[in-house]
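Here's the structure, in structure tokens; my notes come after.
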Amino acid sequence: MKLCCDTLVTLSDDEHVGRRGCAFLVYELGGIPFFVLQFRTVDQGNDERLVGAVRAESNARGSTMGTRISQEVAMRFCPFCGTEFKKWARRNPEGFRAIVAKSVGHVELPPVRSSHG
């Protein structure tokens, strides 16, 4: 897959996407592209085990505890080489579509609000 730099190629490979740690994901929401670094506390698929463990500990302590399974940080520029992502996507539509397709299922998208109420 062609991306702006080798670091993002590595962060978008199968060893990173959906796994604990850091990954590079791209998605579109309402036709707007989003380029994000995702940080996960556990591999995708093990989410419920962690949530269950935290919930059990919370109940045992009689308190409300929580944990963040994943967090995304949106970016406009590549933090490693400085490329502006939207310009890269316009110059490399095939690469853009490929990374969007690979990212599907690895980020939970918020609902798109309709302006029609």
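The values are calculated or read from the model by the stated rules, or taken from the named source; none is laboratory data. Quick caveat: nothing in here was measured; it's all calculated off a predicted structure. Cβ: placed from backbone, ideal geometry, glycine included. Neighbour counts: every protein chain shown.
Things worth noting here:
- Residue ID - surrounded by the most Cβ atoms within 10 Å (Cβ to Cβ), chosen from residues in the range 34-90 that are in contact with a helix residue (DSSP H, G or I) (Cβ under 6 Å, 6 or more places away or on another chain), modelled with pLDDT of 80 or more and assigned to a loop (DSSP other than H, G, I, E, B): 42
- All positions within the range 7-21 that are free of Cβ contacts under 8 Å to residues at least 24 places away in the same chain and either touching a Lys or Arg at 6+ places or on another chain (Cβ under 8 Å) or surrounded by 13 or more Cβ atoms within 10 Å (Cβ to Cβ) (or both): 9, 10, 13, 16, 20, 21
- Filtered by the rule that a residue be in a strand (DSSP E or B) and either over 17 Å from residue 77 (Cα atoms) or of a type in the set (Asp, Glu) (or both), the range 23-33 gives 28, 29.
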